[in-house]
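Q: Dropping the structure in here first, questions after.
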Amino acid sequence: MSEPRPQAPLIDAEEDLAPAPPVAAARRRLLAHPALVLLGIVLASLNMRAALAGVSPLVGEIGDHFHLAATASSLVTTIPLVFMGLGSIAAPRLARRWGTEAVLCGALVLLCGGILLRVAPPVVALFVGCALVGTAIALLNVLMPGLIKRDFPERAASMTALYSTAMILGATVSAASAVPLEEALGGWQGSLVSWSLLAAVAAAVWLPQALLARRGTHHGEAAATRRPAAEGAERGLLRTPLAWQVTLFMGVQSLIAYVCIAWMPTIFTDGGMSKSGAGLVYSFYTLVQMAGSFVVPILAGRLRDQRLLAVGVVLLMAAGVTGLLVAPVAGAWLWATLMGVAQGGTLGLALTMMVLRTKDSHTAARLSGMAQTWGYLVASVGPFALGAVHQATDGWTLPVALLLVACAGLVLLGLGAGRDRRI
């Protein structure tokens, strides 16, 4: 089996993004220089997790400022996840209507606005801003891999690696700098607002590309007329157990990831670690995810059956969660390493299985859309639910133990999704 391109199917509108041959040549003549496109991809990718990761070390301060209980504070990370799922549904339609570049530029403007709105005085602005941030990230999530596959077809694998690495790098830098920026800028508001600058710069880079693309082609409307019966295909997937196993594997691993985004630094600080130390450990956890997300998909592509690999990666995750339960501060760096490598691995495996479990690119695209929509909605339950359990028990023992239950479920889903079957 050839080496997989795990990120490629993360686009419900993959076929919509491919212009008809006569249009493609004119479009290439009109589009910006490839270096500008490359810069736009890197800048957009840096934004795709930074606005979320930078919140985690500051959840306590945000909650204190607005006098929010733990359950309400978790909405700061839960609301973006909900809208990341819902926004995934709208992304393909918007791309067909307005063009991919225009939607990407608009998503970055929306992201900038959502980041700014989160620090406005009324608490309702915080939650509305979170919704806008989640919607913007959903559009970037869905459209960026398809853009890479369309504009860099001969270098799709290397460009996907660049895209995913930049995404993790943005999250790592955001998490590591959240507390220092808070101290330097006089509060959590300044720390969060600073990331609007990166979104604004990225939008400025995409603006001329969006204008050129709109002048050069109306491929969105043409593609819409070429669409197959997408609704029937989606209904078929919803009746397929294997599709649900892949979807729920994506969802449960995302649930664990976003619980860590929401609460990992708080678990450390509640255990006695300094706020800056907790931020460093969390940023290291984010950084080492790159190792798992690079190695595991390559291994998965060399195997016909990925069940053993799935079990091994999840057990690595469970070992880190167990350490977090038993001695959260004493072994913090070790637990962060185990959980980070495993988290990157489960994400890479989930994306790879969308390719390996399907027979053609169209089915892979539809499965990706299903997994991304439902997966983020499943994930959105995690931060809120564990925040509620923490508030009810006034401790982290039961919430972290529930992560072990999630790991057990992930093993079962991996045993189903990892089978050598095709949809």
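Q: Checking the conditions here, which among I79, I62 is modelled with pLDDT of 85 or more and within 16 Å of the chain's Cα centre (by Cα)?
A: I79
Q: Output the residues belonging to the range 342-371 that are under 13 Å from C260 (Cβ atoms) and in contact with a Leu (Cβ under 8 Å, 6 or more places away or on another chain).
A: Of everything in the range 342-371, those that are under 13 Å from C260 (Cβ atoms) and in contact with a Leu (Cβ under 8 Å, 6 or more places away or on another chain) turn out to be A342, T346.
Q: Within the range 403-422, which residues are open to solvent by 30 Å² or more (accessible area, probe 1.4 Å), over 14 Å from F249 (Cβ atoms) and in contact with a helix residue (DSSP H, G or I) (Cβ under 9 Å, 6 or more places away or on another chain)?
A: Correct list: L404, D420, R422.
Q: Residue check: is L351 modelled with pLDDT under 85, assigned to a helix (DSSP H, G or I), open to solvent by less than 10 Å² (accessible area, probe 1.4 Å) and among the hydrophobic types (A, V, I, L, M, F, W, C)?
A: yes
Q: Condition (residue is more than 29 Å from F83 (Cβ to Cβ) and surrounded by fewer than 23 Cβ atoms within 10 Å (Cβ to Cβ)) applied to the range 365-386: is it met by at least one residue?
A: No, there is no match, as no residue in the range 365-386 is more than 29 Å from F83 (Cβ to Cβ) and surrounded by fewer than 23 Cβ atoms within 10 Å (Cβ to Cβ).
Every residue, every condition in (1) without any contact (Cβ under 8 Å) to a residue 60 or more places away in the chain; (2) outside any helix (DSSP H, G or I); (3) open to solvent by 40 Å² or more (accessible area, probe 1.4 Å), yes or no:
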| residue | (1), (2), (3) |
| --- | --- |
| A278 | no, no, no |
| V281 | yes, no, no |
| F294 | no, no, yes |
| V329 | no, yes, yes |
| M339 | no, no, no |
| L347 | no, no, yes |
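The values are calculated or read from the model by the stated rules, or taken from the named source; none is laboratory data. None of the values given here were measured: they were computed from a predicted structure. Reconstructed Cβ throughout: ideal geometry from the backbone, glycine too, with neighbour counts over all protein chains shown. The protein model used for the area step is the full one, side chains on, heavy atoms only, and it has no ligands, DNA or RNA in it. Shrake-Rupley method; radii C 1.70, N 1.55, O 1.52, S 1.80 Å.
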